[in-house]
Structures are given as C-alpha cells and as structure tokens.
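Asks: My questions will all concern the structure given below.
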Amino acid sequence: MQTPTNRTALVLGATGGVGGATAQALLDKGWKVKALTRRTMPADGPIQWIKGDAMNAADVLSAATGVHVIVHAVNPPGYQNWETQVLPMIDHTIAAARAVDARIVIFGSVYNYGPETFPLLREESPQNAPTRKGEIRVELERRLEAAAISGVRSLNLRCGDFYGPRAGANWFAQGIVKPGKPLRVMHYPGRRDLGHAWAYLPDVGATTVALLDQEGRLDTFERFHFDGHYVTGNALHAAVSRVSEHPRLPLRAFPWPVVTLASPFSETMREVRKMRYLWRAPLQLDGTRLHAFLGSVPSTPLETALRATLSSLGTLAVGVSPRL
C-alpha cells in the first residue's frame with residue numbers, strides 16, 4: 001500500500017533490472033521518482049523521465065535537484081567499457097549527492113572478492129579482487145568511503161546474482177534459460193551440488209526502501225549484505241522443473257568451451273570467462289547484520305519468484321499458469 005511521503009529519488013539505470021525494481025519499490029511506498037535516461041520515454045506515467053547521460057556530470061547534477069536519494073544502478077552494458085565509464089559515473093553521482101545533500105544507493109558486487117573469502121561473504125571480508133572488473137568495483141566503493149569523510153552519505157546493499165521480472169542482463173536470463181521460448185533445457189555454469197547466492201529483484205527493491213525508511217539509524221557510509229536465496233544447482237533445477245511443469249527438464253553444463261573459443265573475438269565473452277571462478281566454489285552472502293537491522297527482510301519464496309521470472313521471460317509453455 002502506498003503511504004504519503006514528500007521524499008524524491010533519482011534513479012540512474014531505471015530501465016535496467018535492479019534500477020527498475022528499486023524505482024517500482026520506491027513508487028509503491030509513495031516516493032516521487034525521477035530517472036535519468038538517454039532514451040526517449042513516455043511523458044506520462046509515475047516516473048518523471050529526464051533525458052540525459054550518467055557520463056555527463058552536468059546532466060546528473062541537474063537531474064538531482066531537489067532529491068533525497070540517488071540510486072546509482074547504472075553499468076556499461078555487455079561487460080564493456082568498464083575502464084572508461086564506471087568510475088567517472090560514480091564520481092558524477094558523488095558530486096551531485098554532495099551538492100544536493102542526498103544519500104547514494106549502490107548495489108555492491110561479489111566481483112570484489114577472491115576465492116580465499118568463499119564460501120561466506122561478510123561485510124568485513126577482505127576485498128582482494130582477482131579480476132580488473134573486481135578491482136574497479138573495489139575502487140568505486142573506496143571512493144564512496146572517502147566521500148563519507150566529507151559527509152556524503154551512501155548505502156551499499158551487496159547482492160548475489162540478480163533474477164526476476166525485467167531482470168535485464170544477468171546469468172539467469174542469459175545463461176541458464178533462453179528467453180522468449182518455452183523452456184526445453186536448463187544450463188548451469190557451475191557444479192550442480194554447490195550453493196550459489198541469488199537475489200530476487202523485487203525483494204532487493206523492497207529491502208532498499210526499507211533501509212531508506214531507517215535514514216536516522218544509518219551511518220554515513222553504510223554497507224549490508226543481502227542473503228537472498230542460497231541454493232545448489234540441483235535445487236534450482238528442481239524448482240524450475242516444478243514451476244515450468246517440466247518434470248524431465250534436461251540440466252546441462254554451461255558451454256564454457258564455446259565462451260573460451262569466442263573470447264579472442266568478443267570483449268563480452270572474455271569478461272564472462274574471467275567470472276568463471278565465481279561458479280567453482282560455494283558462494284553465499286551473510287545477511288546476519290541486515291536481518292538484525294531490519295528485523296524482517298523482504299523474501300519471496302523461491303518457486304513464487306521463479307514463476308514470476310519465467311513468466312516475464314516468456315519461457316512458460318502454453319497452458320502453464322503464471323499464477324502471479
């Protein structure tokens with residue numbers, strides 16, 4: 001139910017998965033939402049769309065006028081151009097947040113961590129990223145922590161792999177199932193008996209808003225881990241099979257050799273290959289601190305979340321009810 005509020009948020013990346021889910025959660029709780037995008041968007045609707053680019057500092061600052069929160073959920077698509085875009089974009093967000101006294105929200109990545117920290121990632125786990133993309137994410141968070149010294153507030157909600165309606169580019173929608181066609185086979189990138197952390201986007205959005213509702217209790221530089229769903233490949237396959245009403249759904253290994261062969265010709269494939277280490281060991285986020293802080297963390301049952309996701313991706317066969 002929507003509750004009245006005079007709070008306004010600017011969402012960078014509202015056309016993407018986690019940005020879109022957070023924008024919707026904010027709207028559901030009565031926030032006013034502005035969103036910066038390079039696309040031409042409808043003038044009507046609940047979101048105030050502003051034409052601009054997160055790579056342009058003036059665009060971000062102008063869009064941030066009058067806001068209380070800046071949700072920084074923007075990343076270069078296809079794993080490309082991180083070297084030239086990720087850090088300038090967070091610098092522009094920090095500058096805008098400082099100018100208007102807004103809290104920044106980011107969604108931290110597991111890329112920050114090396115295998116020595118597995119299987120359980122805590123807020124205080126050392127961040128020794130083994131890839132360049134991980135190093136960039138570590139530096140992004142370092143800049144937020146440095147900005148906190150001068151009073152720029154931030155909130156980092158670290159999540160596992162995203163999935164859900166409108167999930168955009170993610171492992172579930174692009175590597176595990178094939179969107180747009182009835183489900184015939186499921187691929188899995190890691191060992192089937194190992195657990196992996198998943199974050200259902202509507203739960204992430206609702207959790208973010210719940211944290212923002214506790215502004216008076218948040219530190220200037222705040223960090224929480226969102227535990228989400230921790231399931232093995234076998235358990236995920238069983239749940240997808242039940243939801244899709246496909247009891248004999250084949251489970252096959254993700255085609256890593258194809259990724260390797262394509263790597264010399266595709267920056268995206270090269271970067272996907274570098275993330276394979278995240279699937280070679282159990283990977284779980286410790287949500288103890290988040291649960292203690294909120295008391296109750298939004299959590300949709302796994303099969304309910306998968307049904308909504310598969311329905312959104314157009315993979316449920318004719319006759320299978322989405323039951324959303």
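Asks: Can you tell me which of A148, A173, A95, A169 is among the aliphatic types (A, V, I, L, M) and touching a Phe, Trp or Tyr at 6+ places or on another chain (Cβ under 6 Å)?
Replies: None of the others qualify; the one that does is A148.
Asks: Restricting attention to region 38-66, which residues are at pLDDT 95 or above and closer than 18 Å to Q85 by Cα?
Replies: G52, D53, A54, M55, N56, A57, A58, D59, V60, L61
Asks: For region 140-165, which residues satisfy the criterion of being touching a helix residue (DSSP H, G or I) at 6+ places or on another chain (Cβ under 8 Å) and more than 21 Å from V18 (Cα to Cα)?
Replies: Across region 140-165, the qualifying residues are R143, A147, S150, G151, V152.
Asks: Which of the following residues is under 19 Å from A21 (Cβ atoms), buried (at least 16 other Cβ atoms within 10 Å of the Cβ) and among the β-branched types (V, I, T): T207, T232? It would help to see each step written out before you state the result.
Replies: Numbers: T232 fails: under 19 Å from A21 (Cβ atoms).
Unique residue meeting the criteria: T207.
Asks: Consider L310 carefully, then state whether it is closer than 15 Å to F172 by Cα, touching a helix residue (DSSP H, G or I) at 6+ places or on another chain (Cβ under 8 Å) and at pLDDT 95 or above.
Replies: Against the criterion (closer than 15 Å to F172 by Cα, touching a helix residue (DSSP H, G or I) at 6+ places or on another chain (Cβ under 8 Å) and at pLDDT 95 or above), L310 qualifies.
Asks: Looking only at residues in region 166-204 that are over 17 Å from G16 (Cβ atoms) and of a type in the set (V, I, T), which one is surrounded by the fewest Cβ atoms within 10 Å (Cβ to Cβ)?
Replies: Checking each candidate, the answer is V185.
Asks: Something else: Taking N156 as meeting all but one of (1) over 18 Å from the mean Cα position of the chain (by Cα); (2) buried (at least 19 other Cβ atoms within 10 Å of the Cβ); (3) of a type outside the set (A, V, I, L, M, F, W, C), write down the number of the exception.
Replies: (1)
Asks: From E245, E222, grab the single residue that is more than 21 Å from the chain's Cα centre (by Cα), outside any helix (DSSP H, G or I) and in contact (Cβ under 8 Å) with a residue 60 or more places away in the chain.
Replies: E245
Asks: Something else: Among the listed residues I90, I104, I136, I70, identify the single one that is hydrophobic (A, V, I, L, M, F, W, C), over 19 Å from T208 (Cβ atoms) and crowded, with 17+ Cβ neighbours inside 10 Å.
Replies: I136
The values are calculated or read from the model by the stated rules, or taken from the named source; none is laboratory data. In this text the structure is predicted, and so the values were computed from the model without any measurement. All Cβ positions, even for glycine, are placed from backbone atoms using ideal geometry, and neighbour counts span all protein chains on display.
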